[in-house]
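Only one structure is covered here, and it is reproduced in the block below.
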Amino acid sequence: QSKAIGGRSFRFYAPAMNERQHRLLALESELHRALERKEFVLHYQPQASLRSGKVCGVEALLRWNHSERGLVAPNDFIPLLEETGLIDDVGLWVLRQACQDMRILAAEHGHAPRVAVNLSARQFSSQRLAEQVAGVLRDTGLPAEQLELEITEQMLISDLESSRATLESLRELGVTVAIDDFGTGYCSLAYLKRLPLHVLKVDRTFVSGLPDDGNDLAIVEAITLLAHKLDLQVVAEGVETAAQLETLRALGCDMVQGYYLSKPVPLSTLAGAATLTV
Ligand code: C2E
Ligand code: MG
Ligand code: MG
Ligand code: MG
């Protein structure tokens with residue numbers, strides 16, 4: 001049924017509101033309420049150092065604990081958070097919660113691993129990022145060197161000059177920065193050399209072919225050599241088998257993260273997972 005408003009007809013728009021769009025709208029309004037209803041939760045996945053064999057860091061990974069749908073994975077709702085701008089509030093919540101959780105862990109167990117927090121493109125391009133990070137560190141009391149921020153190649157190169165300024169101010173704060181999913185984007189090696197970065201996370205699509213796929217072997221070896229020449233540490237993502245882990249060790253990779261060590265776990269079980277060794 002078309003409705004005329006200001007002389008213009010909705011005739012062409014109304015039928016276009018298909019089922020998918022209705023679901024997206026419903027999802028969006030649920031996401032609006034999710035933060036105040038405390039439905040977001042962080043899980044933590046340990047990262048182990050191949051040198052010491054011990055857990056040295058964790059990555060905070062967002063989940064949405066939906067009343068009917070259960071634990072919803074980030075890929076199913078983060079794009080919508082980005083599109084609607086809700087990611088600004090949720091992203092800040094993630095940062096604060098992750099820092100708070102590490103303080104809780106430290107209070108209960110004497111120490112806590114470094115925590116890596118994923119940033120969205122909107123957060124990274126915000127002029128207020130460094131200020132927000134500084135505020136969260138001050139409020140939670142987490143030492144800056146225990147916080148790492150993960151960005152992707154795309155975020156880095158979309159505006160190189162503002163990326164550089166942001167990275168410089170983060171370095172001044174003392175937090176480290178990791179390039180996530182490395183190898184899947186279009187980051188030129190020249191950029192890596194000129195920016196204050198600390199860690200390359202080799203994307204799991206390259207790890208999954210180890211140890212048999214010769215191309216993956218060559219790619220991971222080359223990334224590791226390059227990273228070390230540039231004074232960057234290398235984390236391999238998505239390590240699922242002992243054979244992959246031993247190959248990464250032989251290639252000189254610094255840290256591993258993946259189901260072989262541990263899946264992402266809630267804070268309540270992280271202390272147990274943090275005693276795992278490789
Ligand atoms: P990511 O940052 O690359 O995180 C790694 C993803 O790989 C996680 O998926 C993790 O559960 C999964 N993973 C870890 N080990 C293995 C393994 O051995 N095998 C396989 N197959 N997968 C493994 P998850 O938790 O579903 O997160 C997906 C993506 O969502 C993340 O990819 C990240 O880009 C984004 N994300 C998660 N939390 C946040 C957040 O708080 N803020 C933002 N902006 N993005 C987030
Ligand atoms: Mg990540
Ligand atoms: Mg990744
Ligand atoms: Mg990813």
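The values are calculated or read from the model by the stated rules, or taken from the named source; none is laboratory data. Everything quoted here is computed from the prediction, not taken from an experiment. Note: ideal-geometry Cβ built from the backbone for every residue, glycine included; neighbour counts use all protein chains shown. Surface areas here come from the heavy atoms of the whole protein model, side chains and all, with no ligands, DNA or RNA. Shrake-Rupley method; radii C 1.70, N 1.55, O 1.52, S 1.80 Å.
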*If you check every pair at least six apart or on different chains, which have Cβ atoms under 8 Å apart with a residue in region 249-260 that is basic (Lys, Arg) first and a residue that is part of a loop (DSSP other than H, G, I, E, B) second?*
ARG249/LEU50
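Out of everything in region 61-78 that is of a type in the set (Gly, Ala, Ser) and on the phi < 0 side of the Ramachandran plot, what residue ends up being modelled with the lowest pLDDT? Show your work before the answer.
Kept after step one, since they are of a type in the set (Gly, Ala, Ser), are these residues of region 61-78: 67, 70, 73.
Filter once more, keeping what is on the phi < 0 side of the Ramachandran plot: 67, 73.
Details: SER67: 88, ALA73: 96.
So the residue we want is SER67.
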*Given the residues ALA130, ALA112, which is the only one that is in contact (Cβ under 8 Å) with a residue 24 or more places away in the chain, of a type in the set (Gly, Ala, Ser) and either outside any helix (DSSP H, G or I) or under 30 Å from GLY272 (Cα atoms) (or both)?*
ALA112
*Consider only pairs whose beta carbons are under 9 Å apart and that are at least six residues apart or on different chains; among these, list those whose first residue lies in region 194-211 and is over 29 Å from THR166 (Cβ atoms) and whose second residue is within 12 Å of ligand 4 (Cβ to nearest atom) and part of a loop (DSSP other than H, G, I, E, B).*
SER208/GLY238
*Being acidic (Asp, Glu) and closer than 12 Å to PHE124 by Cβ is the filter here, so list the residues in region 157-179 that pass it.*
ASP159
_Qualifying positions in region 131-190 - of a type in the set (Asp, Glu) and away from ligand 3 (no atom under 14 Å from the Cβ)_ = GLU131, ASP139, GLU145, ASP159, GLU161, GLU168, GLU172
*Based on what the data block shows, is ALA227 within 16 Å of ligand 3 (Cβ to nearest atom), more than 21 Å from TYR44 (Cβ to Cβ) and open to solvent by less than 50 Å² (accessible area, probe 1.4 Å)?*
yes
*Quick one: in region 230-243, which of the residues that are within 15 Å of ligand 1 (Cβ to nearest atom) and in a loop (DSSP other than H, G, I, E, B) is most open to solvent (accessible area, probe 1.4 Å)?*
GLU240
_Whichever residue in region 155-192 is surrounded by 14 or more Cβ atoms within 10 Å (Cβ to Cβ) and among the aromatic types (Phe, Trp, Tyr) and, among such residues, is nearest to ASN118 (Cα to Cα)_ = PHE182
_So ALA190 passes all but one of these: (1) more than 25 Å from VAL133 (Cβ to Cβ); (2) modelled with pLDDT of 95 or more. Which condition number does it fail?_
(2)
*Name the residue, out of GLN127, GLN154, that is away from ligand 1 (no atom under 13 Å from the Cβ) and modelled with pLDDT under 95.*
GLN127
*Does region 252-264 contain at least one residue that is more than 13 Å from ligand 1 (Cβ to nearest atom), at pLDDT 95 or above and either in contact with a helix residue (DSSP H, G or I) (Cβ under 6 Å, 6 or more places away or on another chain) or assigned to a helix (DSSP H, G or I) (or both)?*
yes
*asked:* Quick check on my filter: what residues within region 182-215 are part of a helix (DSSP H, G or I) and within 16 Å of ligand 4 (Cβ to nearest atom)?
replied: ARG204, THR205, PHE206, VAL207
